[in-house]
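The values are calculated or read from the model by the stated rules, or taken from the named source; none is laboratory data. Small disclaimer: the values here were computed from a predicted structure and weren't measured. Glycine also receives a Cβ, built like all others from the backbone with ideal geometry; neighbour counts cover every protein chain displayed. These area figures cover heavy atoms from the full protein model, side chains too; ligands, DNA and RNA do not enter into them. Shrake-Rupley method; radii C 1.70, N 1.55, O 1.52, S 1.80 Å.
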Amino acid sequence: MCEVNVSPTIAKERKARLIDAMAEAGLDLLLVYGNAWQNDYLRYATDFGILEGQALALVRGDGHVTLYLDSPLEADRAEIDCPGVEVIHAPDLVGEVDGALDRFRNQRIGAGPHRLIPRRIAARSRDLKLGDQTALIDRLLMGKLDSEIDAIRRGARRADEGYAVFRAAARPGRADYELIAETEAFFRAHGVDDNFQIIGVGGPEVRGMAPPSGKKLKRGDLVTTELTPCVDGYYAQICRTLVVGEPNGDQRKAFALYREAMEAGIAAVRDGITAADIARAENDVFRRHGLGDYVTDEYTRVRGHGMGLFADTKPHILEDVGTRIDAGMTLIVHPNTYHPVVGYMVLGDVVAVTQDGCEVLTATARELFSVPA
């Protein structure tokens, strides 16, 4: 996970926004959980990018933040990385925080993400007046400050550069992990602290993307990837497909459909719509071409998702997700799914939502790339 702290300005702006939101909700204290996989809630509250173990943070209405970590190494790192936060090494993490919460009896306490709050503490919700405030933090995570969008914009530029490196690395006989290794080397040399990336190599037998397995590229293969560099704590993503050698007619025809779907989704993005509206715009293109079955959960997961302090955050772009899309959100729109003739294809760009549309942050051409065979 991305471990380097964001700029002090962004962290300060985020904290002020969080404290204001707590005051508006009438909260005296906010309990926030985080681990290396679900890190964005904790990071928003503390600006700490946890790498191992578990953490709980107590954010008071007066702005004081106490961060409890069960890893001594993480506690040492947090002391350096987060000078404005009280850091406590707590081997008995749940017990120590449970005890600390007793000092806030008869005050209104919120928690998020509520589903991850340790059972021992959650069981005392009524006693502690502990309410689910996941939605409050979700709203802050989804709606970005201008400084946060600027960080994602920088990440998008790195994503474009990284994909150019990936394309240059793709040639027959190379293993899939070699392409990812060259991309990672480029990113690490250019200030990227983390990159979530998966890959697919082959034809109709390929149903999705995964970590590299050693599969070697050969003429005619589709090579798909999504790469997600983290810059200044914020993730940006790009999805593209290339062919080893010249694309055949079926591959070109299929890709044209994906481009039409992605552009329909991006055209739908604006302030006031819902996530479902974007997904429906993408999916309707597949339906018009007789491929409606391939936008179901049997073949695909989402039609896009939020971007920010986590590589795959809310809102998920699906037809059953009614989350309102507001100006200031950042999303990736990607109609990534299986095609029954050519196999799995991907295409996606990250966008920042505006009042009357969106700003596309990635600049790589929307084309079916080919590399010499």
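Annotations
- Checked against (1) more than 23 Å from Gly357 (Cβ to Cβ); (2) open to solvent by 10 Å² or more (accessible area, probe 1.4 Å); (3) within 21 Å of the chain's Cα centre (by Cα), Ser213 passes all but condition (3).
- Residue among Ala16, Ala21, Ala45, Ala100 that alone is assigned to a helix (DSSP H, G or I), crowded, with 19+ Cβ neighbours inside 10 Å and among the small types (Gly, Ala, Ser): Ala45
- Residue within the stretch 319-327 that is surrounded by 21 or more Cβ atoms within 10 Å (Cβ to Cβ) and part of a strand (DSSP E or B) present: no
- Test: residue in the stretch 219-239 that is crowded, with 16+ Cβ neighbours inside 10 Å, within 18 Å of the chain's Cα centre (by Cα), hydroxyl-bearing (Ser, Thr, Tyr) and within 18 Å of Pro335 (Cα to Cα): yes
- When the test is whether a residue is under 20 Å from Pro340 (Cα atoms) and assigned to a loop (DSSP other than H, G, I, E, B), Val302 passes it.
- Inter-residue pairs, beta-carbon under 6 Å, first touching a residue at least 12 places away in the same chain (Cβ under 8 Å) and within 12 Å of Ala279 (Cα to Cα) and in the stretch 321-342, second assigned to a strand (DSSP E or B) and among the polar types (S, T, N, Q), 6+ apart: Gly322/Thr274
- Evaluating Arg126 against the criteria (1) out of contact with any helix residue (DSSP H, G or I) (no Cβ under 9 Å at 6 or more places or on another chain); (2) within 24 Å of Gly308 (Cα to Cα); (3) not in a loop (DSSP other than H, G, I, E, B) leaves one unmet condition, (2).
- Unmet requirement for Ala164, which otherwise passes all of (1) over 28 Å from the mean Cα position of the chain (by Cα); (2) of a type outside the set (Val, Ile, Thr); (3) open to solvent by 20 Å² or more (accessible area, probe 1.4 Å): (1)
- Subset of the stretch 167-176 [exposed (fewer than 15 other Cβ atoms within 10 Å of the Cβ) and in a helix (DSSP H, G or I)]: Ala168
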